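Enquirer: So that we are looking at the same thing, I have put the structure below in structure tokens.
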Amino acid sequence: MSERTEKFFKGKGSFVDDITFPDMLYLEIVRSRKAHAKLLKVKGGLTADSLDLTLISTGESYRKGKNYEVEPVLAKEKVLYYGQPVSAVYDKDKYKAKDLAETVEISYEELKPILTIEDSLSSKPIHDGRKDNIVSSFEVGKKFSPESKIKLSDELFMERVLPNPLETRGIVAFYNSGKLNVWISTQSVYSIKNGLSRILGLNPADINVYQTDTGGAFGSKSAVYPEYVIASYLSIKTKKPVKWIESREEHISSTRPGRGAKAQLKIYGDEKGKIDGIEGKILVDVGAYADDLSSTSPSWIGYQITGPYMIENVFIEGYSVYTNKAPLGPYRGAGRPEAAFFMERMIDLYADHLGLDPVDVRLKNLPEKEFISPTGLKVLPSKAFFEDGIKKINYAELKKKNAGISFGILIPAVYGGESAKIKVENGTVKVWLGGNAHWQRHELFVKRIIKEVLGIPEDKVVLMNGNTSELEKGIGTWGSRSAIVAGYALYKAALALKEKAEKIGLKEPQQVLSSDLSSEYYENMQLDPSMISFLLTAAVAEIEDGIKPVIKEIWAYYDVGEPLSLEAIYGQITGGLLMGVQEVLTEALKCDENGKPIPETLSATGIAYSINAPKYDVQITSFGRSNTLHGAKGVGEAGTIGAPPASARAIENLIKKRVNRLPLNLDLLT
Amino acid sequence: MKIKLNINGTDYESEVEPRMLLVDFIRDVAGLKGTHVGCETGSCGSCMVLLDGMPVKSCLMLAVQAEGKKIITVEGLSGKNGLNKVQKALSERKALQCGFCAAGFSIMGTWILDNEKNVDYQKVKEDIAGVVCRCSGYDQIIKTITEVAKNE
Amino acid sequence: MKIPPNFKYIRTYTLDEYYEKANQTSLPLIISGGTVAVLMLKNRLIRPEAVIDISQIPELNVLKINKDDVFIGANMKLYKLKNVLPNDSASELIVKSASTVGDIAIRSMGSVGGNVCLGDPSNDLPVALTAIDAQAVIGKKDDITYLPITNFYIKPFKTVLNKGEILLGVNYKMLNGYRTSYKKHFINFLDHYVGIVAAIAKIEENAIKDFKMAIGGEAVGKPVKFDLSEFSNVDEIKIIKERIFDYVNTMHIENNRFGTANYKKKVLYTLISRAIDEVLKL
């Protein structure tokens, strides 16, 4: 078996846009050009009014039991964000489909768009029947009455950021012989299958979802978007294969961005640097429609606000609010970077107020033994890790360069566990995982585990793309979970296969390889504090010519537990670090006063190009094994958690002005 | 409009609309799927091909503009002996993650190898500034191309 | 997806053919390299009746190096300039400017004509050409006009070219023994340059013999030219800077999505200062 990317160099990949069928129809979605308006007329294409309701639920039944408004498949009566799907057209020729899309007539009665969290709280509800724009509210921790000498407040904000994988979203849906077959660029074939089953009222047994080679996702390819439903619906209606490929412009307007969070926090402490408590409000802009993830985002952020620290008093009120923007989704980190940014910026504020070294203050507030935060977060002591890290990154030298430091944790999203299947066939070991790799290089840990347990050489092992017809049940790849949960499931599956082999007298790896054995394993998993990894990040900034802020160096000392694959880990860390850096400097999804996204191209979204890359210094360590068989911890989101606060602080050190809003306000340089 | 394009040494002739983009001709008429569409505005380099030896962004060209020229796509870089030097190194060093940028970096990397002198890390970093990798942070890619170029 | 609208495609092989076809077409769009034209078509910003390909017209593909001046044909690819232009200082400034356009792939497709005719304040060549007092060479049927490049631009995205007219190329006098500087500041988000500064100066016997500067970019709009004639008897770098800064202060610069007026002014001061240092500091 060759190295996985070799086929891409030969042009033999199979990304969703590479798939063609005879008689295939190309789907174009016609989208709202207003952020908030009544739809007076929609003429042309498939519209909300022309949907065959025997084939599709428009959201009401999906909404049952939910306290929030679910995005409809096609806008009906009103549009609530710029880019919301209004009509769908199709043609056998993809160029003609675009021409057809232009013939759809939409007329609007414009309403005032609500575009900020502040406006949302003070405006009429954008959803009829609600009393305001608050989707949900939470309290995390416990109210306390602080008697601390030092009380400091600040307001912090992280602008929305688009996932912007290099490959946009896409799907090919083909309904024939009573089965819906779906080829899709995705993080989880199971997410897609479950969602389509529910919305289209199809028996799960009648849906097969195949993951195509996936060109990145960073959170954007787990949800069941309207376009996927429309493509499947149209295939059911026409009995033809229907392809939809997202344009970058559509990704910018209509794919779920992440972040969009504001915090109004107060930190309490003594004069020596001991933090007594943290309290405040966290508000998240979920956009025009919500889901379970976005509506609970503030409580997830609040839950981990204390990070690695021992802070005895925590009380956070969380609110998720509607705005006339695209619905919020997870973006690499999904709440973790927000919690880290908020807490780390408050600690720096506190340290500066006392004139103490920010690292000393952080070290002083780490627990000596296992600590349960008032929010319920359980963390192991980490002082030894951070003290070691400070030495390893040579903090003394970095201080001279005005480096910014951050301490952080990475809580992997293990809940739900994972499944794995192994099938030995024709001298090859094929592996399917419930979580579908889409940039993480999971094949590297897969090969290692198979080698370790079964003794089979790496070049005989291949990780297959996600496939619901091969592996019936699974969860997905996100939240830095796969090494832990998928690695664990694979380990167990491999052990089960080994046992099966030994039972029939096959002891040697070569014998196993010539067999046709298979095994499958699924197990749910609960979060254990041993699974939480610790992150030390340092950034060195420069303000070139006094006008251009750049991050010159980024240092990471990250705990990865037992490393399953050094190459995979290194790439995951540097990729995450660069994303975290860029989010501070230029990468953000802003919209104009009408609610229209400002960036019109990929480069205009502010993503990093090669010339923006800092010098990376990545050191990994194992600060204890996780309590799984293999001992690995998560790493995918580590860089996006550690880099933003470290980079913000590094710039703050140079310009001597507080950086509490991302992306950096360039006016601070004047 | 009938046009004939020479791609990887083979002539492809077809009746197309004048508005057909070069990347769509390569992918849909010639059936070569290795060249990708990433951003549609020339901002990402996923659609890179060599046109008479120079890297161009095929999503920003009409197919008809490429008549009479020699087009090399990612498929044309590897020959009977498999992947070319740059591709082999990127593959062995596991520099790519999701793999969607394979065409972009192998076309640019090959051009750098054939045209740039005194290549170092900084030069490669600047030269590949037109190709996006969203996954890796670029470090491994730059290191790999630099090493291959230095060994030339 | 971004797909161009339908249009007729006409490839012209001579100037006369171009004039004929352009005048016959109600709304023609010229294409040379295509990096500008194809993007405009994909965005459906323009729905031309015909796209007229001028890339094969020989008069536009020439480079004429005469005794005192240079003519660059409009079709000249940006990446080629560093290999074909002479070694004088005016050419050096053009090469500096052209080598910062986009990336290697854009420069291998993009033409001088495209970069000059779009009229985007973020375009590079117009600023460099303004600094060296270049001329736009405009052709129409039976007529050629030489227009100072500063008069070529009316406002952002609008040049003097009318239907049936064509930019044949640019013409400029060579300058010897000058120092050059080209500086610009990019805002990643938004694909634009806040400020672009091109400067060229001659020092002889520790005195400033000549000094020319042009500034452009989003904060400025069409390029603005500064000349030594304004600074005669002034040979202090500090005073030159102050004079130009004073001018920038009078400019109407807006707060907008590209930045606040304060930030944009700071950018311009910084770029101007660096460029002046580079060409005048002894």
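Throughout, read-outs are computed from the coordinates displayed, never taken from laboratory work. Quick caveat, the model's predicted, so the values are computed rather than measured. Here the Cβ is made from the backbone with ideal geometry for all residues, glycine too, and neighbour counts use every protein chain on show.
Enquirer: Using a cut-off of 23 Å between alpha-carbon atoms, which lysines can reach A:LYS149, once sequence neighbours fewer than 8 places away in the same chain are excluded?
Expert: A:LYS266, A:LYS272, A:LYS274, A:LYS281, A:LYS364
Enquirer: With unit charges on the beta carbon (Lys/Arg positive, Asp/Glu negative), name the residue among A:ILE411, A:ILE56, A:PRO85 whose Cα is farthest towards the positive pole of the charge dipole of the protein assembly as shown.
Expert: A:ILE56
Enquirer: List every residue whose amide H lies under 5 Å from the amide H of C:ALA134, counting only residues 5 or more places away in sequence or on a different chain, with H placed 1.01 Å from N in the peptide plane.
Expert: C:ILE149
Enquirer: Under a Cβ-only charge scheme (Lys and Arg +1, Asp and Glu -1), can you give me the dipole magnitude of the range A:592-651 about the Cα centre, in debye to the nearest 20?
Expert: Using only the charged Cβ atoms, the result is roughly 400 debye.
Enquirer: How would you rank A:HIS353, A:HIS438, A:HIS251, C:HIS192, going from fewest to most other Cβ atoms within 10 Å of each one's own Cβ? Walk me through the numbers before you get to the answer.
Expert: Working: A:HIS353 14, A:HIS438 30, A:HIS251 23, C:HIS192 19.
Sorted ascending by nearby Cβ count, the order is A:HIS353, C:HIS192, A:HIS251, A:HIS438.
Enquirer: As a test, work out the antiparallel percent of DSSP beta bridges whose residues both lie in chain A, rounded to the nearest 5. Spell out each step's value before the answer.
Expert: Values: 87 of 117 bridges.
Given both bridge residues lie in chain A, the antiparallel proportion sits at roughly 75 percent.
Enquirer: What pairs from A:LYS392/C:LYS264; C:LYS183/C:LYS209; B:LYS4/C:LYS64; A:LYS548/B:LYS94; A:LYS10/C:LYS184; C:LYS140/C:LYS264 go past 29 Å between their alpha carbons? It would help to have the intermediate numbers written out before the result.
Expert: Working: A:LYS392/C:LYS264 41 Å; C:LYS183/C:LYS209 22 Å; B:LYS4/C:LYS64 33 Å; A:LYS548/B:LYS94 33 Å; A:LYS10/C:LYS184 39 Å; C:LYS140/C:LYS264 39 Å.
The answer is A:LYS392/C:LYS264; B:LYS4/C:LYS64; A:LYS548/B:LYS94; A:LYS10/C:LYS184; C:LYS140/C:LYS264.
Enquirer: Can you tell me the relative contact order of chain A? Whole percent, Cα pairs under 8 Å, sequence separation 6 or more.
Expert: For chain A, the relative contact order is 15 percent.
Enquirer: Which of B:PHE100, A:PHE21 has the fewest other C-beta atoms within 10 Å, and how do the rest follow up to the most?
Expert: In increasing order of surrounding Cβ atoms, one gets A:PHE21, B:PHE100.
Enquirer: Please list, in order along the range B:73-87, the HN-Hα scalar couplings obtained from phi with the Karplus expression 6.51 cos²θ - 1.76 cosθ + 1.60 (θ = phi - 60°), rounded to whole Hz, x for Gly and Pro.
Expert: 9, 4, 4, x, 7, 8, x, 4, 8, x, 4, 7, 4, 5, 5
Enquirer: Sticking with this one: Return the long-range amide H neighbours of C:GLY217 (sequence gap of 5 or more, or a different chain), with a cut-off of under 5 Å between placed amide H atoms.
Expert: So C:GLY217 has HN proximity to C:ILE196.
Enquirer: Now for a separate question. Return the calculated 222 nm mean residue ellipticity for chain B, to the nearest 500 deg cm²/dmol, obtained by summing -39500 (n - 2.57) across DSSP H runs with n ≥ 4 and dividing by the residue count.
Expert: Details: 5 runs with 45 residues, N = 152.
Theoretical 222 nm ellipticity from helices: -8500 deg cm²/dmol.
Enquirer: Please flag any cysteine in the protein assembly as shown that has no other cysteine's Cβ under 4.7 angstrom from its own Cβ.
Expert: Cysteines of the protein assembly as shown left without a disulfide-compatible partner: A:CYS591, B:CYS98, B:CYS101, B:CYS133, B:CYS135, C:CYS117.
Enquirer: Under the rule a/c < 1.5 gives rounded, and otherwise a/b versus b/c splits prolate from oblate, where does chain A land using the Cα gyration tensor?
Expert: Values: a/c = 1.76, a/b = 1.12, b/c = 1.57.
Here chain A falls in the oblate category.
Enquirer: Treating the angle as unsigned and between 0 and 90°, give the value, to the nearest 10°, between the Cα long axis of helix B:139-150 and the longest Cα principal axis of chain B.
Expert: 90 degrees
Enquirer: Scan around C:ARG11 for amide H atoms under 5 Å from its own, H built in the peptide plane at 1.01 Å from N, and keep only partners 5 or more places away or cross-chain.
Expert: C:ASP53
Enquirer: With only Lys, Arg, Asp and Glu charged, each at its Cβ (+1 for the first two, -1 for the last two), find how big the charge dipole of the range A:191-261 is about the Cα centre; round to the nearest 20 debye.
Expert: In debye, rounded to 20, the range A:191-261 gives about 140.
Enquirer: Over the whole of A:163-169, what's the average partner chain Cβ count within 10 Å per residue? Rounded to a whole number, please.
Expert: Whole-number average of other-chain Cβ neighbours for A:163-169 is 6.
Enquirer: Where is the GNM fluctuation largest for chain C (alpha-carbon springs, 10 angstrom cutoff): C:ALA90, C:ALA261, C:ALA22?
Expert: Judging by the Gaussian network model, the answer is C:ALA261.
Enquirer: Where the only charges are on Cβ atoms (+1 Lys, Arg; -1 Asp, Glu), what is the dipole of chain A about its Cα centre, to the nearest 20 debye?
Expert: Dipole of chain A, to the nearest 20 debye: 520 debye.
Enquirer: Below 9 angstrom from the Cβ of A:TYR289, what's the summed charge of the other residues (Lys, Arg +1; Asp, Glu -1)?
Expert: On the way: positive: none; negative: A:GLU69, A:GLU71, A:ASP291.
Value of the local net charge: -3.
Enquirer: Still on this structure: Identify, among B:TYR121, B:THR110, B:GLN140, the residue whose Cα sits farthest towards the positive end of the charge dipole of the range B:85-150, taking +1 on the Cβ of Lys and Arg and -1 on the Cβ of Asp and Glu, with the dipole about the Cα centre.
Expert: It is B:GLN140, whose Cα lies furthest towards the positive end.
Enquirer: Could you list C:ASP142, A:ASP213, A:ASP357, A:ASP49 in order of exposure, starting from the residue whose Cβ has the fewest other Cβ atoms within 10 Å? Write down the numbers at each step before the final one.
Expert: On the way: C:ASP142 7, A:ASP213 22, A:ASP357 15, A:ASP49 10.
Placing the least packed residue first, the sequence is C:ASP142, A:ASP49, A:ASP357, A:ASP213.
Enquirer: Next up: For every helix of n ≥ 4 consecutive DSSP H residues, a contribution of -39,500 (n - 2.57) applies; sum these over chain A, divide by its total residues, and give [θ] at 222 nm rounded to the nearest 500 deg cm²/dmol. Mind showing how you got there, number by number?
Expert: Details: 18 runs with 187 residues, N = 670.
Helices in chain A give a 222 nm mean residue ellipticity of -8500 deg cm²/dmol.
Enquirer: Enumerate the calculated ³J(HN,Hα) couplings along the range A:511-526 in order (Karplus 6.51 cos²θ - 1.76 cosθ + 1.60, θ = phi - 60°), each rounded to whole Hz, writing x wherever the residue is Gly or Pro.
Expert: 5, 4, 5, 8, 8, 10, 6, 8, 7, 9, 8, 9, 8, 6, 9, 9
Enquirer: Which one, A:LEU202, A:TYR570, A:PHE371, is farthest towards the positive end of the dipole of the protein assembly as shown when Lys and Arg carry +1 and Asp and Glu -1 on their Cβ?
Expert: A:LEU202
Enquirer: Hey, what do the phi angles of the range A:608-616 turn into as Karplus ³J(HN,Hα) couplings, whole Hz, using 6.51/-1.76/1.60 and θ = phi - 60°, x for Gly and Pro?
Expert: Those phi angles translate into 7, 9, 4, 6, 8, 6, x, 7, 9 Hz.
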